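Below is one structure, written out as structure tokens; the observations come after it.
What follows draws every value from the coordinates through simple rules; no lab data is involved. Predicted model only: the values in this text are computed from it and were never measured. Please note: Cβ atoms are built from the backbone with ideal geometry, for glycine as well, and neighbour counts cover all protein chains shown.
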Amino acid sequence: QVQLVESGGDLVQAGGSLRLSCAASGIIFSINAMGWYRQAPGKQRELVASITSGGTTNYADSVKGRFTISRDNTKNTVYLQMNSLKPEDTAVYYCNAAVQAFSGNMQLWGRGTQVTVSS
């Protein structure tokens, strides 16, 4: 039915930049909030940034001033621009979206994309 596909994860040097994309595909009636989470080995998954359908954003304090979340509603896509990357940003980044689809309301997760920041 509906799925989220992340892209853009890569190996980068500290201080570098990376842009993640997450596209929702399938028959979608509407998407409310979208967001990015990350999970490092041995740690719990944490919210990095979120954005509502109206454009209201929230960020984890650890990424404020460095990351920017945005969305293109015509493409059902959310982006995460990551600047001034630090080794502690290394994690698998997961896209999340609250979606109204044929089967009803649901929370969807992508399979994740690996971001590795070297020293």
Practice task
Kindly indicate whether any position in segment 88-98 is in contact with a Ser or Thr (Cβ under 9 Å, 6 or more places away or on another chain), among the charged types (D, E, K, R) and at negative phi.
Solution key: yes
Handout entry: Members of segment 68-86 that are closer than 21 Å to Ala23 by Cβ and touching a residue at least 24 places away in the same chain (Cβ under 8 Å)
Key = Ile69, Arg71, Asn73, Lys75, Asn76, Thr77, Val78, Tyr79, Leu80, Gln81, Met82
